[in-house]
Amino acid sequence: MKKLALIFMVMLISASFMSCATSPDTASPKTAGTDTASPDKPGILVTNLTKVTATVEAIDYHSRVVWLRGPEGQVFELDADESVRNFNQVRVGDKVNAEVLESVALYVQRHDGAQPSVKESAAVTLAPRGGKPGIAAADTVVITATVQDINYDTRMVTLKGPEGISRTLRVHEQAPGMEKVKVGDQVVARYTVAVAITVNKPE
């Protein structure tokens with residue numbers, strides 16, 4: 001996520017959510033509940049939760065590699081670094097449960113004087129020593145861009161992002177509140193991925 005191209009792509013993807021376009025694996029947009037959002041400016045929140053259960057097919061304790069069979073029969077390799085506690089307790093046949101929560105919050109606020117920026121934060125929670133293997137991690141990227149130009153007739157908006165890169169986007173006709181967006185406003189996109197993995201003995 002630290003590469004500028006990828007970060008800016010996240011901003012563009014986030015901006016597409018502003019169009020209120022939805023797909024079967026996304027929730028309906030909601031007003032973004034953030035303390036920094038201006039109450040008279042538009043904002044949305046989209047979330048998606050994916051749950052997957054796989055079975056441990058084989059383990060190499062020395063190299064800390066485990067092979068998992070997914071719900072559709074596919075086998076894939078997973079490297080468990082030293083941060084994964086209690087790895088030696090994992091056995092063939094164990095069930096690995098993974099939950100991935102993705103969320104994109106996008107809102108517009110009045111310019112606070114700050115320059116376009118990218119901020120990334122991460123948090124990791126490990127299983128207690130001696131307990132069941134597991135890990136929970138979350139990674140958040142917050143991108144701030146400035147509205148450089150806006151055409152209300154064609155619904156085209158030009159955003160200036162980090163390092164001066166600008167992109168022009170089209171806002172969907174069904175997107176509410178576009179008339180409230182002004183040149184100089186800031187568009188803030190917060191993209192979060194949270195992953196929780198637990199290992200359980202087969203029933």
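Criterion first (under 30 Å from THR146 (Cβ atoms), out of contact with any Pro (no Cβ under 7 Å at 6 or more places or on another chain) and modelled with pLDDT under 90) does ASN48 satisfy it? It is true that ASN48 is under 30 Å from THR146 (Cβ atoms), out of contact with any Pro (no Cβ under 7 Å at 6 or more places or on another chain) and modelled with pLDDT under 90.
Go through LYS132, LYS95, LYS119 for me and flag whichever is of a type in the set (Lys, Arg), in contact (Cβ under 8 Å) with a residue 40 or more places away in the chain and out of contact with any Asp or Glu (no Cβ under 9 Å at 6 or more places or on another chain).
The unique qualifying residue is LYS132.
Going residue by residue through segment 145-156, is there one that turns out to be touching a helix residue (DSSP H, G or I) at 6+ places or on another chain (Cβ under 6 Å) and either of a type in the set (Phe, Trp, Tyr) or part of a loop (DSSP other than H, G, I, E, B) (or both)? No, there is no match, as no residue in segment 145-156 is touching a helix residue (DSSP H, G or I) at 6+ places or on another chain (Cβ under 6 Å) and either of a type in the set (Phe, Trp, Tyr) or part of a loop (DSSP other than H, G, I, E, B) (or both).
Each residue in segment 94-119 was checked for being closer than 20 Å to ASN48 by Cα and either of a type in the set (D, E, K, R) or not in a strand (DSSP E or B) (or both), and 2 of them qualify. Scanning segment 167-180 for any residue that is more than 30 Å from LEU78 (Cα to Cα), in contact with a helix residue (DSSP H, G or I) (Cβ under 8 Å, 6 or more places away or on another chain) and at pLDDT 85 or above turns up at least one such residue.
Do we have LEU106 as at pLDDT 85 or above and touching a helix residue (DSSP H, G or I) at 6+ places or on another chain (Cβ under 8 Å) here? No; evaluated as a whole, the condition is false for this residue.
Remark: pairs (first residue in segment 60-89, under 15 Å from ILE135 (Cβ atoms); second residue surrounded by 12 or more Cβ atoms within 10 Å (Cβ to Cβ) and of a type in the set (Phe, Trp, Tyr); Cβ separation under 9 Å; 6+ apart in sequence or on different chains) = ARG64/PHE87; VAL66/PHE87; LEU78/TRP67; ALA80/PHE87. Residue count for segment 136-156, restricted to those that are under 23 Å from the mean Cα position of the chain (by Cα) and either buried (at least 19 other Cβ atoms within 10 Å of the Cβ) or of a type in the set (Lys, Arg) (or both): 4. Residues in segment 157-198 that are touching a Pro at 6+ places or on another chain (Cβ under 8 Å), surrounded by fewer than 17 Cβ atoms within 10 Å (Cβ to Cβ) and part of a loop (DSSP other than H, G, I, E, B): PRO176, GLY177.
If the condition is being charged (D, E, K, R) and either out of contact with any Phe, Trp or Tyr (no Cβ under 6 Å at 6 or more places or on another chain) or closer than 30 Å to TYR107 by Cα (or both), then segment 42-63 contributes LYS51, ASP60.
The residue that is farthest from VAL193 (Cα to Cα), among those in segment 51-83 that are acidic (Asp, Glu) and surrounded by fewer than 13 Cβ atoms within 10 Å (Cβ to Cβ), is ASP60.
The values are calculated or read from the model by the stated rules, or taken from the named source; none is laboratory data. All of these numbers come straight from a predicted model, not from anything done at the bench. All Cβ positions, glycine included, derive from the backbone under ideal geometry; neighbour counts span all protein chains shown.
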